[in-house]
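The structure appears below as structure tokens.
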Amino acid sequence: MPNDSASGSPRALSIPHAEALESLLHDLTVAHERLWRSSSGLREAIRSADPSGVERATADQSASLGAIADLEERRRALVGEITSIGACPAGFAGRPVTLTDLASMAPEPCRARLMEAAECLRRCVAQAAEAQRTLRSASSSLLAHMEGLMRQVAQRLSHAGTYGRRGVIEGSPAVVSGLDLVT
């Protein structure tokens, strides 16, 4: 059924489009759950100073982000296909079409299921974003701590003890000193 030209309301989403949307929502949810797990794993590896754990978690996180980027392309293609056949206007009230908008247009046997899947995805995205913010904060704190340690070592090894351009005592390039890390 085409768009109702008098009211401008969109027609119902076709069953194949609803099935494609359900598959996409599921895949996006799985990818964001994986991103959340890898972010949590990375945070734990950083906390325990486990370089191989950091490497594994970073690789998993990169793979998750790549999968999410691929799924985003699928989402764009699906929205483009649905809007091109007139099943959905290009924008809802002047804003981009969301997956929830598309789910709300599905026929009733699958509408409730799609709306629930869209809400589950929304929660997973929020959870993954929070894990990323926490990880960013922890990484920044660790970096500041490591820079402070390096400044302390440079200060102890600096024979001149003068301040550099950044306002901190920096080690000179030709330091003839030693640091015993064994005893």
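The values are calculated or read from the model by the stated rules, or taken from the named source; none is laboratory data. Model, not experiment: these values are computed from the prediction. As a convention, Cβ positions derive from the backbone with ideal geometry for all residues, glycine included, and neighbour counts pool all protein chains shown.
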- Any chance residue 81 is acidic (Asp, Glu), part of a helix (DSSP H, G or I), surrounded by fewer than 17 Cβ atoms within 10 Å (Cβ to Cβ) and at pLDDT below 90: yes
- Item | Test: residue 58 is surrounded by 17 or more Cβ atoms within 10 Å (Cβ to Cβ), at pLDDT 90 or above and under 22 Å from residue 125 (Cα atoms) | no
- Please identify the pairs in which a residue from the range 138-156 that is under 17 Å from residue 49 (Cα atoms) and in contact (Cβ under 8 Å) with a residue 40 or more places away in the chain has its Cβ atom under 8 Å from the Cβ atom of a residue that is surrounded by 12 or more Cβ atoms within 10 Å (Cβ to Cβ) and basic (Lys, Arg), counting only partners at least 6 apart or on another chain. 138/43
- Message: Quick check on the range 42-54. Is at least one of its residues closer than 19 Å to residue 31 by Cβ and either among the acidic types (Asp, Glu) or in contact with a Phe, Trp or Tyr (Cβ under 8 Å, 6 or more places away or on another chain) (or both)?
- Response: no
